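Read-outs throughout are calculated quantities, based only on the coordinates presented, and are distinct from any laboratory measurement. Predicted model, so just to flag it, every value in this text is computed and none were measured. Cβ placement follows ideal geometry from the backbone for every residue including glycine, while neighbour counts extend to all protein chains displayed.
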Amino acid sequence: MEQVLKLLSQRNEIDFTRYKPSTIKRRLEKRMEELKIASFDAYLNYIKENSEELDHLFSMVLIGVTEFFRDKDAYEGLSKFLKKIISNKKKDDVIRIWSVGCATGEEAYSIAILLSKILKERISHYKIQVFATDINHKALKAGRSGIFPESSLKMLSAKDREMFFNKKGKEYEVKKFIRQMMLFSRHDIISDPPFVKLDLITCRNLFIYFDNALQQEVISIFHYALNPNSYLCLGKSENLGQLTELFSTVDRKHKIFQRKRSNHLYKLRLSKIRQHELFPVNEKPEIKKEASLLEMAKDTIFNTFDHPFVVINDSYDLMETHGDVRLYLGVSAGTMNANILKMINKELRLEFRTLMSKVLKSGISLESNAVGFNIFGEQHYVKLAIKPILYSNNDAEFYLVIFEKVEIEKGGFSKSKSQIKEETRQRILELEHELAAAKEHLQNFTEELEFNYEELQSLNEELQSVNEELKSSNEELETSNEELHSSNEELFSANAELEHANENLVKKEQQIGESEARYRDLFDNAHDMIQSVRPDGKFEYVNKAWLKTLGYTKKEVQKLIVWDIIHPSSVKHCEKLFQQVMSGRLVKNIETTFVAKDGSRVEVSGNATVRKLGNKIVATQGIFHNVTENKMVELALQESEERYRTLNDSAFDAIIIGDAKGKIISWNMGAEIIFGYKPAEIIGKLLTTVMPKSYRERHNMGFQRYVTTKKPIYIGKVLELEGLRKNGEVFPLEINLTSWKTDRGQFFSGIIRDITERKNAELALKESEEQFKNLFESAPIGMGTVSLKGKFLRVNQSLLNMMGYSEQQMKKMTIADITHPDDIQNSLELIKKLTSGKIDHFQIEKKHVAKNGKIIHSLLKAALQRNTKGEPIHLIGQLLDITESKKAEQERIRAEIAEEINRILQQEIEERKKVELALKHSEAQFRSLAQNAPVLIIRINKKGDLEYINRVFPGFKMEELIGSSVYNFIDPSNKKIYKENLQGVFKTGKPITFEVQGYGPDRKIHWYETRIAPIKSIGKIDSVVLITSDITENKNAQEEIKKSLAEKEVLLKEVHHRVKNNLQIVSSLLNLQADTAGSKELASLLRDSQGRIRTMSVTHESLYQRDSLTQIDLKAYIAQLIDGIIEVDARRGLKVKLDISVPEIYLQIDTMVPIGLMVNELVTNSLKHAFVKRKRGCINVSLKKAKDKEYILSYSDDGIGLPKNFEKEKSKSLGMELIDCFVEQLEGKISLTSNNKGLQYSIRFKS
């Protein structure tokens, strides 16, 4: 294992030696289990042969399980402290956050999203930096891309997904403003220098991989990197250990800690600084070179240093000595201990501890005053100097302790009083200094004792917690042991009962044999279909009714299996039922479809159960009743009801149904539109409710007469009557009445059409025709209508007088007959232009020839008359005789023409007045409709001012609204979109529909749908109409539908998943049965069945792994299927090259199942028979589109092909028969060719 870790560390430049050995070992063992390698030595050899295995192992050791807002409670707790961090920041301050061990970055992005949600629009006031670090290059690359699968966003609401992500196909990309906060970097917390001046560090679920010592080092690094009073967030199963003096707990539940100021110094030990020997290098021979002058000076100082010194570590252990230290250090009694506190002179120990404590705190060199001590009865003085060593070869800290002996000058034997007084004063100062040092040492010692006491107390609490957990575990184990004993006793009891039941069963078998004859008679003569099917699907026996209904003979039934008579549409349903029956349950009310011998469908209903022999299921038994005729009747009834419902709901006419009491019992959408009543308002009321009062008495009399006499007067006739709308308006209608009778009584129906517009049009047409007739007949000028071929259709009296012909004579003539030869050509060309649409009218002076031969000079004005479809129907012309007045009476003619024109204009004015009156009436109707409409209708001019509004806003008057800017009444958040869309309609002239959110009358957020359409006047847009309706209920309904669909999709995926698992269980059972089969032939058959089951399992697996639950990618499906078959067969040493040329196409499961089973048979046959005595082979599968929804599937191998005398029709191969069945199920055709180069299939089918 150590060798594997060494190779892994060398490849990735990461020190795994300080990770928890148990964790690393579990990951190694799991990988070895996947590769089926038994020992570490074998795995080490495998790595040496396959160097890329180290990359797989690296990914496995670093378990990158993460997602957005994983453990949502923790993020809710963290948000409180993020708000505290923000509250202590000023505008333009930097917020620095470090996510350690970020994997692919979901946690770091979650924190950035959390900050964005807290700050909202204030996010631009701060400089936010989120450092996301990890040691996995691939994970960091994925994190930098910002693209994640939908599965990692499951904890995010739909609103958050829309706000912070852009959807790209099936994936989501983090929006740019979030990614701009992020900085992804490869960083090893063990060896790389940390980020500093941080406000928050999150390190969740990383410590579970580190040993305790490494955890403490990393916590010290975090303390160094954080700003004062900043926060550290750990995983739910992690804690601070012994370093509670560095952090205080602020949220125990969510493991959030706050940095404390600490007087205790913890060293940062980074591998790149201490040069940990992770990767051993070849030692190079030392090259001696001539020493420099500086180096010689350093050696001279070191070797001639006058004062003795020792080197100690931070635990006070003696590492090295120099010079004679016997005066100051000695060996104490007891066990040998090289700690300087045990060896230093007792009188120097207090001064040393005080001085050493100061050096540890300050990190600088310090020196004491002269300290006196007695040894061997002689007084000595020494100065202690302690210096931290600047450089070290490893990660420990070392200190230099220097003993500088002080010589006190001794005078003569006689001392003056002043000398004695001075010595006394000096001694007092020394004693005071020693007392101060003793107090300081005592204070330090007290603090250390308090700190150790707190640590011991914390450790005691942890031990108590562990003890309680062990007690709880022990109790659970005892409970489990008791349960196991109880279960064991129950099993013994159950076994005894089963043995007793088995004895009874043997006795009853004799009784069953006696009653079997009686049962057989009842079985054969039953009217219902009875069948007994063995577990392998073959029929054990069927009765006469079964044979008669399905059209088979007893011999034919012996060759069938139960699935041969199941209709394809019922196979899945029957598979589930078969599993329920095989579980020993009685399944009642089964409804399914059988297939008769002639291919006809037989609908059946019945029950099924199992027949057991002892505890073994030997057959399934079912009794079914033929319900085909009932099903057909039900289907016809459903189709009839569906047609009626569709017709009733989609009809523009009102369809009303009443009962024998004259009450309304059915009311469609057309009736709601015409009469204004909703179904809830009108159903149950009398038919007279929608009749004017003048019709009600006559209706009641006629209705009563029909009910009494049954003699129809109006039934079956189309009548024109009047109706009464909800608003009291009486309108003309057309009604067609029918009557019918059922078991529930007499009913009446009426189909009603609103003919208001038709009546108005007929009246207007009649008035127009009357006006035209009066004008035509009384006109003083000649007028007439001419067919497109030039024949007169109608002429007035003035034209007859002018030309001298009678009306009958003129109607037999053409324009050319009365036109002067000089003008015929010109007249015909103008008429041709008129009928072709090149001109819409013309006016010319021309000569006509009267009946008496007189030449008449005339002014002709002609126009083309078209029908409502725009098709030309005839010409209309006006002919003014200008012969007599052409010269002498020109003025009189002009006056007459002017008078005539004035009269015509007067008539046009009258017509215009009538049109204006009708327009006012129409406008009044529109205003009534608009004011009662459930939507807001506004007319807005180009300036944005209101010209019309159908309802008054609360708190305003109509005169205050008209002329005001529409933007005064729009929610500020929506002004921009309204302004852009209004300008867009004015610019493009095209209507626009959009949806917005805003406050409703109830001061709640509502959804509104707004449509803006242009209003044109003389071809130009002078205003627009804005129609707004509240669609909140629709939106809520859509959300509910989406949720319902999502739940159904999850349920359907679960169904496919369970079917796939059940199929795998069946496959495993077949595999076990094959392993214990008595013959190779039986084992082969079971293996083939296992392959078919596996094919169906792959189908369901593909379904539940895809977003679509009805379609499967054919290429991926075939590749997965064939790879699985080849992988199973590869155990015998055969290597098969697979070439799949299938486009990306998605097919329904009903098509995919037979294709998969067919491919399974083809590949299995090739692997069995094509590559005999060969180690290699090749299989090709391709798909081409032939026509719309028609494809050609080609399959071939390079094997030995079929035998020369092989005839497909005479072959008894089950595989061949199955392939033909699957092709038939696909309604396809199959062709087969075989030669010495292999076997080729071509299958044409429809999808």
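At-a-glance table
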read-out: Partners for Lys1185 among lysines (Cα-Cα distance below 16 Å; same-chain residues under 8 apart left out); value: Lys1115, Lys1229, Lys1246
read-out: Residues Met155 and Leu1069, FRET efficiency given R0 of 30 Å [Cβ-Cβ distance, rounded to 0.05]; value: 0.15
read-out: Unsatisfied cross-links (Cα-Cα over 30 Å) in the set Lys678/Lys766; Lys597/Lys1237; Lys661/Lys726; value: Lys678/Lys766; Lys597/Lys1237
read-out: Mean separation of Cα contacts under 8 Å (6+ apart) over length of the range 661-719, as relative contact order %; value: 29 percent
read-out: Trypsin sites (Lys or Arg not before Pro) restricted to the range 935-1036 and DSSP loop, no more than 13 other C-beta within 10 Å; value: Lys942, Lys943, Lys957, Arg1003, Lys1004
read-out: Lysine pairs in the range 955-1004 with Cα atoms under 28 Å, if 8 or more residues apart or on separate chains; value: 13
read-out: At 1.002 mPa s and 20 °C, Stokes diffusion of the range 1-153 via Kirkwood alpha-carbon radius, µm² per second; value: 118 µm²/s
read-out: Size of electric dipole in the range 770-883: Cβ of Lys, Arg +1 and of Asp, Glu -1, about Cα centre, debye, nearest 20; value: 300 debye
read-out: Entries of Lys717/Lys789; Lys168/Lys255; Lys576/Lys616 with Cα pairs more than 31 Å apart; value: Lys717/Lys789; Lys168/Lys255
read-out: Förster-model FRET efficiency, 30 Å R0, Ser51 and Asn313, C-beta, rounded to 0.05; value: 0.15
read-out: Ratio Rg/Rh, restricted to the range 2-55 and using Cα atoms, in which Rh is the Kirkwood radius; value: 0.93
read-out: Inter-probe distance in nm under a simple model that places probes 7 Å from Cα toward Cβ, at Leu547 and Arg643; value: 4.2 nm
read-out: Simple spin-label estimate for Ser1029 and His125 in nanometres, 7 Å along Cα-Cβ; value: 4.4 nm
read-out: At most 13 other Cβ within 10 Å, DSSP loop - trypsin sites (Lys or Arg not before Pro), the range 83-169; value: Lys90, Lys91, Lys154
read-out: Label-point separation, Asn229 to Lys1246 (7 Å along Cα→Cβ), nm; value: 7.9 nm
read-out: Förster-model FRET efficiency, 41 Å R0, Lys833 and Gln983, C-beta, rounded to 0.05; value: 0.40
read-out: Hydrodynamic radius (Kirkwood) for the range 603-675, which is based on Cα pairs only, to one decimal in Å; value: 16.8 Å
read-out: Set of lysines with alpha-carbon distance to Lys342 below 27 Å, sequence-local pairs under 8 removed; value: Lys267, Lys358, Lys361, Lys383, Lys387, Lys405, Lys439
read-out: Dimensionless Rg ratio for the range 62-274, taking C-alpha atoms and the 2.2 N^0.38 Å reference; value: 0.99
read-out: Of Lys90/Lys127; Lys346/Lys421; Lys20/Lys138; Lys838/Lys1016; Lys914/Lys1020, those spanning more than 20 Å from alpha-carbon to alpha-carbon; value: Lys346/Lys421; Lys20/Lys138; Lys838/Lys1016; Lys914/Lys1020
